[in-house]
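Some notes on the structure that comes next.
The values are calculated or read from the model by the stated rules, or taken from the named source; none is laboratory data. Computed from a prediction, not measured in an experiment: that's the story for all the values here. Neighbour counts run over all protein chains shown; Cβ positions are idealised from the backbone, glycine included. Surface areas here come from the heavy atoms of the whole protein model, side chains and all, with no ligands, DNA or RNA. Shrake-Rupley method; radii C 1.70, N 1.55, O 1.52, S 1.80 Å.
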Amino acid sequence: MTRLRFAPSPTGPLHLGGARTALYNWAAARAMGGTFILRIEDTDRERSDDKWLPTIFEGLRWLGIQWDEGPDVGGPLGPYVQMQRLPLYARYARALLDAGHAYECYCTPEEVEAGREREKAAGRRPMYDRRCRELAAAERARLVAEGRKASIRAKIPLPGTVTIEDLCKGEITVSHEEIDDWVMLRPDGIPLYNFACVVDDLEMRITHVVRGEEHTVNGFKQVLLFAALGATPPRYAHIPLILGKDGRKLSKREAVTNILEYRDKGFLADAVFNYITLLGWSFSGDRDVFTREELLARFSIDDIGKSGSKFDEEKLLWMSGDYVRRLPRARFVAEAQPFLRGLVPDDAFASATGFLGNLLGCYQERVQVLAELAGKVAWAFGDAVALDDEARGKIEKESEARAWLAQYAEHLENLPLPPSFPSDRSAADAAFVLPTPPGTAPDAVASPFAGPSRLEHDARAFAEARGVKFGRFVHPVRAALTGTTKGPGLFDCLFLLGKERALARLRAAATG
RNA sequence: GUCCCGUUCGUCUAGUCCGGCCCAGGACAUCAGGUUUUCAUCCUGAAAACAGGGGUUCGAAUCCCCUACGGGAUACCA
């Protein structure tokens, strides 16, 4: 049975690198038909705080990464939180001690540190000097009598070499002399990372471990410990880090990038998921966008790249926009709801085909992240609209603009435009699907109201009758109606606005 | 310092394992056009890379060595 795990420590929210690690483990497990486990490594009592747990879970869930076993869902090999497994570590430590693979060390952290400094000053490797490794009984008794508490250190076999058959990097070998007699258990019985990690990977029958390459050195220690326990280690894949623009490690300790910030900015989870996957893995030579199913059909740990990648938010933005554009209209409207609070009442989201659906539809190819929406659609609400500088310019630079606007308002009065207030509009709008595709016939939709293409047809005739080029005419009208020089097709806007407000805005702009 | 790992367009990468199909392909970004009532979308095109040096070979982005540069690790953190 294939089993993989993601083992975050609750020292902060889920950041980008953690999300990618989780994603690769998840994808590998799913692609191989295995099990994906979530385990919490909270043995650093200084920095761990359970308050981060919900945030981490939420981040993973937002990305659509589901775990089969974990602290909240349980499972046959729990508990899945290390601080709840202390007796287990004590048992393993005892056995290792008895078998001579570990020893008690009575040095204080300060003494160890001082020794390290000495080594360093002497130009040697700053390591623990292994002084408690072969402690005479009398000496030990003296230290105990002093009231010292023992920590347990791994007894690295000397000499020798360890090699990791890394799924990502290939074979990596290091000499035992390079490896410290590291601390497995603190005097208070709380294990350290490498120890708890090995015990749990063993107990939880983990078969593959995908983790950041900052763990490579830990990998050697862990392989040695598995050997001491007479067990086979999992297959490791130490993957390169995600780097910031400066080429430095993207760490949760420096950059507090919570993956949920992307959700709050209105990035689509699927797009973020897709983009993160690409940071070190590629779907194929000519495609960047793919579904989860397609990913699982192709994903393989040994295809993960060997070199670090820089995070590029520009491409993430593009990808988010691409996902937004391809969203079914109803989904888009639903996704937009949290970003329109205060502007649009919640019950307006019930229908994706009425006024709101049409309004939002006009912006689906105009936003990359949902948070852009509120500012862009605001013109369609409220009675009047304030013109931005560019819009004002469009009217002012055209000497006859104000006259056209006034005349156009008169003209519009005789056209069957929908009324202005959304509550009366939904049924009428449902007959149209905005944005209006180019070249739509004027009366393509049967409706008591004039649709956008009919309005355009009419406006062209209006401009032509005055000997004005349509392009020149249209700009001041857009400015008057929406207050900006950008946005959806003008007649979609006009239709959306409805009669009363359109006339009022045209007249307001006409009188300056 | 020491140990480990890495190096293809500005960025993410395909190709590297099993040398020739690669005077290196795709995507983002950039620039130039086209469509268009604006913006956006969409379409077309351009510019843009095998870190450097030695080998091996008929032939190297692909194999070997060295150098340079980058990253990671050197904790009673994870």
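Quick notes on this one:
- Here the Karplus relation 6.51 cos²θ - 1.76 cosθ + 1.60, evaluated at θ = phi - 60°, turns the backbone of segment A:134-142 into coupling constants of 10, 8, 5, 4, 5, 4, 4, 4, 5 Hz, with x for every Gly and Pro.
- Charge dipole (chain A, unit charges on Cβ, about Cα centre) - positive-most of A:Ala479, A:Ala504, A:Leu241: A:Leu241
- Angle between chain A longest axis and helix A:109-121 axis [Cα atoms, degrees, rounded to 10]: 90 degrees
- Accessible surface area normalised per residue over chain A is 46 Å², counting heavy atoms of protein chains with a 1.4 Å rolling probe.
- Chain A, helix-only ellipticity at 222 nm - DSSP H runs n ≥ 4, -39,500 (n - 2.57), divided by all residues, nearest 500: -12500 deg cm²/dmol
- On segment A:335-394, 50 percent of the accessible area sits on carbon and sulfur atoms, based on a 1.4 Å probe.
- Global form of segment A:389-510, assessed from the alpha-carbon gyration tensor, a/c cut-off 1.5: prolate
- Report note on the peptides A:174-180, A:431-437: ranked by the mean count of other C-beta atoms within 10 Å, highest first, their order is A:431-437, A:174-180.
- Other residues with beta-carbon under 14 Å from the beta-carbon of A:Asp98 carry, at +1 per Lys or Arg and -1 per Asp or Glu, a net charge of +2.
- Reachable lysines, given that their alpha-carbon falls under 19 Å from the alpha-carbon of A:Lys51 and they are not under 8 places away in the same chain: A:Lys252
- Net charge dipole, chain A: roughly 320 debye, given to the nearest 20, about the Cα centre with Cβ charges of +1 for Lys and Arg and -1 for Asp and Glu.
- Dividing the Cα radius of gyration of chain A by its Kirkwood radius returns 1.18 for Rg/Rh.
- Charge dipole (chain A, unit charges on Cβ, about Cα centre) - positive-most of A:Gly147, A:Val174, A:Trp52: A:Val174
- A:Ser399 - accessible surface, heavy atoms, 1.4 Å probe, Å² rounded to 10: 110 Å²
- Radius 14 Å from Cβ of A:Leu415, net charge of other residues (Lys, Arg +1; Asp, Glu -1): -3
- Over 30 Å apart at the Cα level, from the set A:Lys245/A:Lys486; A:Lys310/A:Lys486; A:Lys169/A:Lys310; A:Lys376/A:Lys469; A:Lys249/A:Lys376, are A:Lys245/A:Lys486; A:Lys310/A:Lys486; A:Lys249/A:Lys376.
- Shape class of segment A:76-226 from the alpha-carbon gyration tensor: oblate, with a/c at 1.5 or above and b/c at least as large as a/b.
- Placing unit charges on each Cβ (+1 for Lys and Arg, -1 for Asp and Glu) gives segment A:310-412 a dipole about its Cα centre, and among A:His411, A:Gly321, A:Val344 the Cα reaching farthest toward its positive end belongs to A:Gly321.
- Working note: Karplus 6.51/-1.76/1.60 with θ = phi - 60° gives segment A:359-369 the couplings 4, 5, x, 5, 10, 4, 9, 10, 10, 9, 10 Hz, where Gly and Pro are set to x.
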